[in-house]
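Engineer: First, the structure itself, so that you have it in front of you.
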Amino acid sequence: MVEHPQDNNSKNIVDYCELFSKIKVNKSKKRGEAPYKPILLLSVIDLISQDLIKTNKIYISDELINTFNRYWNILSPDSFNGGLALPFFHLKNDGFWKLKFSQEYDGGRPQTIPKLKEDVDYAIIDQELFELLQYNQSKEQLTDTLIAAWFLSSKKKLEDILNINQNLEINSSIEEKNKRIYFKKSIIRNAFFRKAIVHLYDYRCSVCRLKVIHSLTQSIVDGAHIKPLAKFYDNQVNNGISLCKNHHWAFDQGLFSLDENYRIIVAKCFIEESTNAKTIQDFQKELILLPKLEQHYPKLEAIQWHQKNVFRG
Ligand SMILES: [Zn+2]
């Protein structure tokens, strides 16, 4: 028997972002909101990214259980982990997750993993959602929504976010080839890096100070890597800088860089016209916006690398 949600009209990414940010979570007076379902969803997204979930049948596998526990320890370290059974079961009430019950299902609420495995063969998500999770851009947006809605609320202290980013750091002993694969697929880790960076810079571009936020996840500012992730796998906050879309592009193109005193240096080799806003050239020698604490400043080694290898000056 497969339960069908009532509203089966086709949904798009905006609908799913909305559903993800309104998941009904377990609340208790003593412990506050427990992010079981968001952590379960992040775990499912992670396994899809790693090709460990390839079809739209989400089994109660050891990989899923271990991933869930690992994320729990990092994202909710101070609270008791009651396990994956109940969120896996109750997510069926949130509009996109259905359960394929087993023949033996007795109508109860499985509280433990063995009982859940007995009662449920697997879960299925809406086909539209499953397809959105196959594409990097939509997968990123859905992940960012979950993280913004459930793990980076205004109540969350910056130190906690930085801690999470740090704890998601890869074990440096992983060999080079696997590192590359891991990084390419580590969508959750990258989402926390981006969030940590824009948070440190108060959601402003460090060059032009522009700040535009339009929803939980849509900001004009990106958390950019100074040394590219694909090459250095470095998600430490001091390999990051907060840049608006225009300045992010120009930085990656090498149209400007920074000197060792965090002043902007502009290349001479490009044509630029702007009638309304300041041009990139106008920022020559200006100091960038920096995080409050010096320990979060971009590291000089990364800046020097950018100057030498990307900057076209
Ligand atoms: Zn800017």
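Engineer: Report, ordered by chain and residue number, the aspartates and glutamates lying within cross-link reach of LYS115, taken as a straight Cα distance under 12 Å and ignoring same-chain residues fewer than 8 apart.
Structural biologist: Result set, ordered by chain and number: GLU104, ASP106.
Engineer: Please compute the contact order of region 13-132 in relative form: average sequence separation of alpha-carbon pairs under 8 Å and at least six residues apart, divided by the residue count, as a percent.
Structural biologist: Relative contact order comes out at 26 percent.
Engineer: So for the chain, averaging the separation of alpha carbon pairs under 8 Å that are six or more residues apart and normalising by length, what relative contact order in percent results?
Structural biologist: Relative contact order here is 14 percent.
Engineer: Taking neighbour Cβ counts within 10 Å as the exposure measure, how do CYS269, CYS17 sort from fewest upward?
Structural biologist: Fewest-to-most Cβ neighbours within 10 Å comes out as CYS269, CYS17.
Engineer: Using Cβ contacts closer than 10 Å as the measure, can you line up CYS208, CYS244 from fewest to most?
Structural biologist: CYS208, CYS244
Engineer: Which values, in whole Å and largest first, are the semi-axes of the equivalent ellipsoid of region 25-162 obtained as the square root of 5 times each eigenvalue of the Cα gyration tensor?
Structural biologist: In descending order the semi-axes read 24, 20, 13 Å.
Engineer: Whole angstrom only: what separates the Cα centroid of region 23-90 from the Cα centroid of region 211-258?
Structural biologist: Value for the Cα centre distance between the two parts: 29 Å.
Engineer: Set the Förster radius R0 to 22 Å, insert the Cβ-Cβ distance between ALA267 and GLN137 as r into 1/(1 + (r/R0)^6), and round the FRET efficiency to 0.05.
Structural biologist: Efficiency computed from Cβ-Cβ geometry: 0.15.
Engineer: Now, a different point. Read phi for every residue in region 222-231 and hand back ³J(HN,Hα) as whole Hz from Karplus 6.51 cos²θ - 1.76 cosθ + 1.60, θ = phi - 60°, with x for Gly and Pro.
Structural biologist: 10, x, 9, 7, 7, 8, x, 4, 4, 9
Engineer: Output the peptides 63-75, 36-48, 125-137 sorted from most to least packed, where packing is the average of other Cβ atoms within 10 Å over each peptide's residues.
Structural biologist: Averaged packing, sorted descending, gives the order 36-48, 63-75, 125-137.
Engineer: Could you give the DSSP H helices of the chain that reach 18 angstrom or more along their long axis (alpha carbon positions) and whose average Kyte-Doolittle hydropathy is no lower than -0.5?
Structural biologist: 36-49, 62-75, 187-200
Engineer: Sort TRP249, TRP97 by Cβ crowding within 10 Å, fewest neighbours at the top.
Structural biologist: Ordered by Cβ neighbours within 10 Å, fewest first: TRP249, TRP97.
Engineer: Extension gain LYS292-ALA230, at 0.36 nm per residue separation less the Cα-Cα distance, in nm?
Structural biologist: 19.5 nm
Engineer: To continue, here is another question. Quick one: of LYS195/LYS292; LYS37/LYS98; LYS231/LYS292; LYS211/LYS245, which pairs are farther than 19 Å apart, Cα to Cα?
Structural biologist: The pairs that break the limit, which is 19 Å between Cα atoms, are LYS231/LYS292.
Throughout, read-outs are computed from the coordinates displayed, never taken from laboratory work. All values reported here derive from a predicted model rather than from experimental measurement. Here Cβ is always computed from backbone atoms with ideal geometry, including for glycine, and neighbour counts include all displayed protein chains.
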